[in-house]
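A.B. asks: Please see the structure below; I have some questions.
The values are calculated or read from the model by the stated rules, or taken from the named source; none is laboratory data. Predicted model only: the values in this text are computed from it and were never measured. Virtual Cβ from ideal backbone geometry, glycine too; neighbours counted across all protein chains shown.
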Amino acid sequence: MVCAAALTLLTNASGIFIVENDTINTKKIKPKTIRKKPFKLFNFSHKLHKWLMLFIGAQFVIWSVTGTYMVFFDIDYIHGDSLVVTHQSKINPENLTYPSQALFQQYPRAKNLSVGLLIDREVYRFNIAKQQYIIDAHSGELLSPLTKNTATAIAKHFYTGDGGVINAELISSNPPFGLRERHLPVWQVNFDHFSSPTLYISANNGKAVGKRHQFWYIFDWMFRLHIMDYGDEQDPSNWLLFFIASLAFFAALSGLVLTYFKVIKPMISSGKKRANTAKKTPQDSQLSVGDKA
Amino acid sequence: MMIWVRKIHKWASLLIGLQVFIWVASGLTFNVIDHDKARGNVYRQTLITKQSTIANKDLLPVEVILKSYPDTIELNQANILSQPYYLLTQQHGLYRHLPNSYHIVNAITGELTLVDEQLATAIAKASYNGPGNIKSVVLIASTISDYPKQQNPSWQINFDDDLETSVYVEQGSGRLVGHSNSDKRFADFFFMLHFMDYGTEGSFNTVQMMLFAFITLWLTFSGLIWTIHMLRKGKYRVKKL
């Protein structure tokens, strides 16, 4: 009963009258409509949507703009994957003329030995306690910490772009934003391009430990705005977001109700009307049959 | 002009209204969810890698190994269950989850070692401190729904604990890819909804996402203009509430 009443109220509110319902329900509804303020889902949703959006609508704009940035720029591109080549050059065992046994004699505490390439020459990498080292596998010469020239050459070897190196700077403490402290010391090599790409080359192992460009910093800002993180926690569970998102929940829900009444329902009823006018006689007889049943 | 703003707002809401609601609801879920639980690492412990008692100089020299495997890009010492091995990279991906190919060579015997069901199970057990027992072991060569980014074949070791923990071990390298459980899958479900990643590719840079994001811009900006218009026309009056 209540359901049927509510349904009629709703249809009245949106200005649509469905004849078959009215004929059945008018008598039962009358006492309800006498009440001062009957609950009308449409009116309630309309007010809720209007007022909530006045206060948090700006955040919806921010969410949509930042979200659009994040989905349109490929995340691999944002990470700078396209800035570097993954070289597949093989080790030539013939070039390992400085034997590993000699290495262990010279550095008896060497751990985590690895053999690889530094641009095009075979090198041994290892660490003693937490300190990393590189030595030339041909001569046994200690190469770390890398010089500016070597670091720049390595960066160029990895970099995919055409632009030249603007400058290179050794960072030993206070890593710049976006680089982990454990990678220090690093050579920061900046390239000439409108997105200002930077490669970070570890001064102790010669590997590219970071790659950043302007689009990554923009992405980071977009993400912070998206999760309403105005501190520096990078944490989506902050109270501001909870408060706004909770309101947004009802704002979006009421918006859906409005969409139903203002778009979907008129579409259905106009569809029915069109069908009615097109095939008047057969449709009418069908409807009356349905009513009686 | 306002007619068009209203029309755009209504039609955009018809097209994407439901997804906007899903975005807000799933976003709110991320806000209230327990992020530690959602990592799926409740029963994970760090692999205890005792440095093997054998000194490095007593292992097979790397030069000998490299001569037997000439197509090596990089050789690394590795400890698998406290046993010394050499991990040889034959194909190198930018990240470990991208296609890589390896040989694992026993550093004492020089024997080529494969991460078979038995070894994978042992690695998984060493990383697990929950109450469960192993229920099943499967080798997955296609996309892993728990780790959609992982592109290398991996062993899935399933435990029969209360959280239905699964442990993943990469077949080529013996690397522990990670743990997953029902808490993580619950969170992943909401990420899937939020990213419209209905094909579970582990990506939000999809065509449907871009299309919806584009329409959302129309929805929010038309809404913004509408609100400003109503403010200017004095449609916001408190007494009307």
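A.B. asks: For the stretch B:203-217, give me the residue count where each residue is more than 9 Å from chain A (Cβ to nearest Cβ) and either closer than 22 Å to A:L52 by Cα or crowded, with 19+ Cβ neighbours inside 10 Å (or both).
C.D. replies: 1
A.B. asks: Another question, then. Could you list, in sequence order, the residues of the stretch B:138-167 that are without any contact (Cβ under 8 Å) to a residue 40 or more places away in the chain and either assigned to a strand (DSSP E or B) or crowded, with 21+ Cβ neighbours inside 10 Å (or both)?
C.D. replies: B:V138, B:L139, B:I140, B:I144, B:S154, B:Q156, B:I157, B:N158, B:S166
A.B. asks: If you don't mind, there's one more thing I want to ask. Determine which member of the set B:S101, B:S13 is hydroxyl-bearing (S, T, Y), touching a residue at least 60 places away in the same chain (Cβ under 8 Å) and in the same structural domain as B:E201 (by TED's automatic domain parsing).
C.D. replies: Exactly one of B:S101, B:S13 is hydroxyl-bearing (S, T, Y), touching a residue at least 60 places away in the same chain (Cβ under 8 Å) and in the same structural domain as B:E201 (by TED's automatic domain parsing), namely B:S13.
A.B. asks: Can you tell me which residues in the stretch A:77-94 are facing another protein chain (nearest Cβ under 8 Å) and not in a loop (DSSP other than H, G, I, E, B)?
C.D. replies: Within the stretch A:77-94, A:D81, A:V84, A:P93 meet the criteria.
A.B. asks: Only one of (1) over 22 Å from A:I91 (Cα atoms); (2) crowded, with 16+ Cβ neighbours inside 10 Å; (3) in contact with a Lys or Arg (Cβ under 8 Å, 6 or more places away or on another chain) fails for A:G178. Which number is that?
C.D. replies: (2)
A.B. asks: Go through the stretch B:225-241 and give me each residue that's within 10 Å of chain A (Cβ to nearest Cβ) and either out of contact with any Phe, Trp or Tyr (no Cβ under 8 Å at 6 or more places or on another chain) or among the aromatic types (F, W, Y) (or both).
C.D. replies: B:W226, B:T227, B:I228, B:L231, B:K235, B:Y236, B:V238, B:K240
A.B. asks: Might you let me know whether the stretch A:173-182 holds any residue that is of a type in the set (S, T, Y) and in contact (Cβ under 8 Å) with a residue 24 or more places away in the chain?
C.D. replies: No - not one qualifying residue is present in the stretch A:173-182.
A.B. asks: Among the residues of the stretch B:183-199, write down those that are surrounded by 16 or more Cβ atoms within 10 Å (Cβ to Cβ) and not charged (D, E, K, R).
C.D. replies: Hits for the stretch B:183-199 are B:A187, B:F190, B:F191, B:M192, B:L193, B:H194, B:F195, B:M196.
A.B. asks: Which of the following residues is facing chain B (nearest Cβ under 10 Å) and either part of a helix (DSSP H, G or I) or modelled with pLDDT of 90 or more (or both): A:G255, A:G290, A:G210, A:G206?
C.D. replies: Exactly one of A:G255, A:G290, A:G210, A:G206 is facing chain B (nearest Cβ under 10 Å) and either part of a helix (DSSP H, G or I) or modelled with pLDDT of 90 or more (or both), namely A:G255.
A.B. asks: Between A:A151, A:A110, A:A155, A:A168, which is within 13 Å of chain B (Cβ to nearest Cβ) and touching a residue at least 12 places away in the same chain (Cβ under 8 Å)?
C.D. replies: Of the residues listed, the single one that is within 13 Å of chain B (Cβ to nearest Cβ) and touching a residue at least 12 places away in the same chain (Cβ under 8 Å) is A:A110.
A.B. asks: If you don't mind, another one. Filter the stretch A:96-107 down to the residues that are loosely packed, with under 14 Cβ neighbours inside 10 Å and either more than 7 Å from chain B (Cβ to nearest Cβ) or among the small types (G, A, S) (or both) and list them by number.
C.D. replies: Once the filter is applied, which keeps residues that are loosely packed, with under 14 Cβ neighbours inside 10 Å and either more than 7 Å from chain B (Cβ to nearest Cβ) or among the small types (G, A, S) (or both), the stretch A:96-107 yields A:T97, A:A102, A:Q105, A:Q106.
A.B. asks: Moving to a separate point now. In the stretch B:64-79, what count of residues is obtained for those that are more than 7 Å from chain A (Cβ to nearest Cβ), among the polar types (S, T, N, Q) and farther than 23 Å from B:L119 by Cα?
C.D. replies: Total meeting the criteria: 1.
A.B. asks: Go through the stretch B:53-71 residue by residue and tally those that are surrounded by 16 or more Cβ atoms within 10 Å (Cβ to Cβ), farther than 18 Å from A:Y107 by Cβ and in contact (Cβ under 8 Å) with a residue 24 or more places away in the chain.
C.D. replies: Total satisfying the criteria: 3.
A.B. asks: Which condition does B:T72 not pass, out of (1) modelled with pLDDT under 90; (2) touching a Lys or Arg at 6+ places or on another chain (Cβ under 9 Å), if it passes all the others?
C.D. replies: Result: B:T72 passes all but (1).
A.B. asks: Answer with yes or no whether B:V20 is β-branched (V, I, T), within 35 Å of the chain's Cα centre (by Cα), at the interface with chain A (Cβ under 8 Å from one of its Cβ atoms) and closer than 17 Å to A:G255 by Cα.
C.D. replies: Spelling it out, B:V20 is indeed β-branched (V, I, T), within 35 Å of the chain's Cα centre (by Cα), at the interface with chain A (Cβ under 8 Å from one of its Cβ atoms) and closer than 17 Å to A:G255 by Cα.
A.B. asks: Given the conditions (1) of a type outside the set (S, T, Y); (2) at the interface with chain B (Cβ under 8 Å from one of its Cβ atoms); (3) in a strand (DSSP E or B), which single one is not true for A:A58?
C.D. replies: For A:A58, the exception is condition (3).
A.B. asks: Return the only residue of B:A78, B:A124 being outside any strand (DSSP E or B) and touching a strand residue (DSSP E or B) at 6+ places or on another chain (Cβ under 7 Å).
C.D. replies: After applying the criteria, what remains is B:A124.
A.B. asks: Further, regarding this structure: Against the conditions (1) out of contact with any Ser or Thr (no Cβ under 7 Å at 6 or more places or on another chain); (2) in the same structural domain as A:V165 (by TED's automatic domain parsing), where does A:Y69 fall short? Just the number, please.
C.D. replies: Going through the list (1) out of contact with any Ser or Thr (no Cβ under 7 Å at 6 or more places or on another chain); (2) in the same structural domain as A:V165 (by TED's automatic domain parsing), A:Y69 breaks only (2).
A.B. asks: Let me spell it out: the conditions are (1) over 24 Å from B:P99 (Cβ atoms); (2) assigned by TED's automatic domain parsing to the domain that holds B:N100, and B:G223 meets all of them except one. Which number is the exception?
C.D. replies: (2)
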